[in-house]
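J.: Following this message is one structure expressed as C-alpha cells.
The values are calculated or read from the model by the stated rules, or taken from the named source; none is laboratory data. Quantities reported herein were computed from a predicted structural model and do not represent experimental measurements. Please note: Cβ atoms are built from the backbone with ideal geometry, for glycine as well, and neighbour counts cover all protein chains shown. Each accessible area value is taken on the protein alone, full model and side chains, heavy atoms only, with ligands, DNA and RNA left out. Shrake-Rupley method; radii C 1.70, N 1.55, O 1.52, S 1.80 Å.
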Amino acid sequence: MSARYLILEDGSVFSGEGFGSPAVTFGELVFNTSMAGYQELITNPVYFNQIVVFTQPNVGNLALQRNVYETITPSIKGVIVRNLAQFEATGPRQVSLDQYLNQMNIPGITNIDTRALVHRLKVAEKPLRGSIVPVPDDHAFDQLHATVLTNQQVAQVATPKPYPNPDVGLTVVVIDFGLKNGILRELSRRKCNVTVLPYTATATEILRLDPDGVVLSSGPGDPKNVKKSVLKMIQEIQTRVPLFGIGLGHELFAMANGAKTKQLAVEHHGMNHPIKEIITDQIVYASQAEGYQVERESVDRQRLYVTYVDLLDNSVQGLRHRQYPAFAVQFFPDGAPGPDETNSLFDEFMEMMRQGGER
Ligand SMILES: NC(=O)CC[C@H](N)C(=O)O
C-alpha cells in the first residue's frame, strides 16, 4: 500500500496508507460511531459529498453482500479506517471493501490515527472539508481551498424519473430525496405496491397514482436547500393521504408545518444514542445520520407534537401532526445498518394507511 494523506481545511495533515481507488477526492468530514454495517453505511446516498471516518477501528473483514446495498452507485467521497481488516475470500465471487472501493472509484485511507482525527473534528465549530491526496503539499491545499462543494445534493442523488417496485398490497408513493434501499425493503416486506417519484413531483402528480400513503425519504444536505415547492407539495399531500417522513423527509415535513431546522456543529452518525418514545417511555436505539435537526422551540404545538426525543442531546427525533395522519422520524426506521427495533414504525404507517378511509 502506498502512503496517502488526509488534509483538512484548517491546515492539519493526517498520514496513512491508501486502499480502494487512488483518485484524489474532496468532501466534508464526518465520523460514524456504528460498530458494524460498513456496506450499508458507505452505500447510503445521505453521504453525498462526505468523507466518512469510522470510529470502529477494524473495518472490512466481511465481504460485501449482494442483498444489503443501500444504493447501486455510492456517492460517498472517501472512507477512512484505523485498520483495514485482513480479508480472505472464501468464495470465487466475493468482493472485499478494498476491491469494491476500487471498482467504484472511491479512495480509502487505513493506518491513520482516527482517534486524533475524530478529536479534531469534534473541536471544530463547523463540519470541516478535507481532501485525500498522495502528497500533502501547497498545491493540494490550494486545490482544497478552491473546491466548491455543491449545496444541491438532493438533485445529484435522487432519481430523475419515476420507477415502480410493484407488489400486491397497499399502494405507496415514495418521494426520493436520496432514497436508501432499506426503506424499499421494509415496504416490500409488507407487500406494498410502490412507485418511487422524483422529489420534484407535484401533489397532483402524486395523487394521480391514487396512493394509500406517501413516504418522504431520507437524503443528503441541508433541508433549506431543497426546492421550496417541496414544502407546498407536503402541505397539500398531508391533508389527503397518510404521510411518513424519514430523515431529510422528517426535516422537510417539520418545515412544511412551520418549524425551523438548525445545523449541528458536529454531525451525528451512528447508532449509540438512546431515543425515547414519549408516549410509552420506551427507549430505542436507532441508526442516525444527521447534520441538521428540527429546532424544538420552533415546533408549533397547534400543528405538531414531539413523539421521540434523543436522550443525549435532547433533540427532536420524531413529530406527528395533530390534525392529519402524518408523522416523521429523524432517524432511519429501517436500520440498515443498525438495530431493527424501529422497523415497527412501518407497521404504524401500514395501520394508518388501512384506516386511511374509503376509496
Ligand atoms: N438522515 C437523513 O436523511 C439526513 C438528513 C439531512 N441531510 C441531515 O443531515 O440532517
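J.: Please give the solvent-accessible surface of residue 224 in Å², to the nearest 10, using a probe radius of 1.4 Å with every protein chain present.
T.: For residue 224, the solvent-accessible surface is approximately 100 Å².
J.: Something else now. Please give the charge dipole size of region 154-354, origin at the Cα centre, charges +1 on K and R Cβ atoms and -1 on D and E Cβ atoms. Round to the nearest 20 debye.
T.: So the dipole magnitude of region 154-354 works out to roughly 620 debye.
J.: Set the Förster radius R0 to 51 Å, insert the Cβ-Cβ distance between residue 202 and residue 89 as r into 1/(1 + (r/R0)^6), and round the FRET efficiency to 0.05.
T.: 0.55
J.: Next question. For the chain, what does the helix formula give at 222 nm: sum of -39500 (n - 2.57) over DSSP H segments with n ≥ 4, over the residue count, nearest 500 deg cm²/dmol?
T.: Estimated from H runs of four or more residues: -6000 deg cm²/dmol.
J.: Long-range amide H contacts for residue 193: which residues qualify at under 5 Å (H placed 1.01 Å from N, peptide plane, sequence gap of 5 or more or a different chain)?
T.: 167, 169, 170, 171, 172
J.: Rg to Rh ratio, the chain, alpha-carbon atoms and Kirkwood radius?
T.: 0.98
J.: Looking at region 3-149, send over the antiparallel percent of its DSSP beta bridges, to the nearest 5.
T.: Given both bridge residues lie in region 3-149, the antiparallel proportion sits at roughly 60 percent.
J.: Please work out the FRET efficiency for the pair residue 159 and residue 126, using the Cβ-Cβ distance as r and a Förster radius of 25 Å; give the result to the nearest 0.05.
T.: With R0 = 25 Å, the Cβ-Cβ based efficiency is 0.25.
J.: Next up: Could you tell me what percent of the DSSP beta bridges with both partners in region 154-354 are antiparallel, to the nearest 5?
T.: 60
J.: Hey, could you pull the Cα Rg and Dmax for region 178-278, both in Å?
T.: So, for region 178-278, Rg and Dmax equal 14.4, 41 Å respectively.
J.: Next up: Extension gain residue 113-residue 265, at 0.36 nm per residue separation less the Cα-Cα distance, in nm?
T.: Gain on stretching residue 113 to residue 265: 52.5 nm.
J.: When only the heavy atoms of the protein chains count and the probe is 1.4 Å, how do 269, 145 rank by accessible area, highest first?
T.: 145, 269
J.: Just to confirm my numbers, what's the Cα centroid distance between region 15-61 and region 115-179 in Å?
T.: Between the Cα centres of region 15-61 and region 115-179 lies a distance of 11 Å.
J.: So what are the radius of gyration and Dmax for the Cα set of region 154-354, in Å?
T.: 15.3, 45
J.: Averaging sequence separations of C-alpha pairs under 8 Å and six or more residues apart, then dividing by the length of region 3-149, give the relative contact order as a whole percent.
T.: The value is 37 percent.
J.: Pairs 77/126; 191/260; 77/122; 191/232; 122/232: which are spaced more than 25 Å apart, C-alpha to C-alpha?
T.: Over 25 Å Cα-Cα: 191/260; 191/232; 122/232.
J.: Determine which residues of region 246-263 fall in the zone a paramagnetic label at residue 297 would reach in this model, i.e. backbone nitrogen under 15 Å from the point 7 Å along Cα→Cβ.
T.: Residues 259-263 qualify, since their backbone N sits under 15 Å from the label point.
J.: Relative contact order for region 114-191 using alpha-carbon pairs under 8 Å, separation at least 6, rounded to a whole percent?
T.: Averaging sequence separation for qualifying contacts and normalising by length gives 23 percent for region 114-191.
J.: Taking the alpha carbon gyration tensor of region 253-346, what are the square roots of 5 times its eigenvalues, largest first, to the nearest whole Å?
T.: For region 253-346, the ellipsoid semi-axes come out as 20, 16, 11 Å.
J.: Tell me, what ³J(HN,Hα) does each residue in region 197-206 have, in order and in whole Hz, if you take phi through Karplus 6.51 cos²θ - 1.76 cosθ + 1.60 with θ = phi - 60° and put x for Gly and Pro?
T.: 10, x, 5, 7, 4, 8, 4, 4, 5, 5
J.: Here is a further query. Taking Cα pairs under 8 Å and at least six residues apart, what relative contact order does region 234-302 come out at, in percent?
T.: Averaging sequence separation for qualifying contacts and normalising by length gives 33 percent for region 234-302.
J.: How far apart, in nm, are the 7 Å Cα→Cβ label points at residue 189 and residue 3?
T.: Label-label distance for residue 189 and residue 3, simple model: 4.8 nm.
J.: Another one. Rounded to the nearest 5, what % of the DSSP beta bridges within the chain are antiparallel ones?
T.: Percentage antiparallel, nearest 5: 60.
J.: Which three extents, in angstrom, do the Cα atoms of region 3-149 have along their principal axes, listed largest first?
T.: 44, 27, 26
J.: Among the GluC sites (Glu not before Pro) in region 52-142, which ones are in a DSSP loop with at most 16 other Cβ atoms within 10 Å of the Cβ? Mind listing them?
T.: 88, 125
J.: Starting from the Cα of residue 145, step 7 Å toward the Cβ, then list every residue of region 8-25 with an amide N under 19 Å from that point.
T.: Taking a point 7 Å out along Cα→Cβ of residue 145, the residues of region 8-25 whose backbone N falls under 19 Å are 8-14, 25.
J.: Still on this structure, I have one more. Expected output is a single nm value to one decimal: the length gained when fully extending between residue 272 and residue 105, i.e. 0.36 nm times separation in residues minus the C-alpha distance. What is it?
T.: Gain on stretching residue 272 to residue 105: 57.1 nm.
J.: Please work out how much accessible surface residue 334 shows to a 1.4 Å probe, ignoring ligands, DNA and RNA, in Å² rounded to 10.
T.: 10
J.: Suppose accessible area is computed on protein heavy atoms with a 1.4 Å probe; arrange 307, 43 from highest to lowest.
T.: Sorted by accessible area, descending: 307, 43.
J.: Please list 180, 126 from largest to smallest accessible area, probe radius 1.4 Å, with all protein chains kept in place.
T.: 126, 180
J.: Which part of region 133-165 falls in the paramagnetic zone of residue 13, meaning amide N under 20 Å from the point 7 Å along Cα-to-beta-carbon?
T.: Answer for this model: 133-147.
J.: Based on alpha-carbon centroids, what's the gap between region 292-357 and region 221-290 in Å, whole number please?
T.: That distance is 7 Å.
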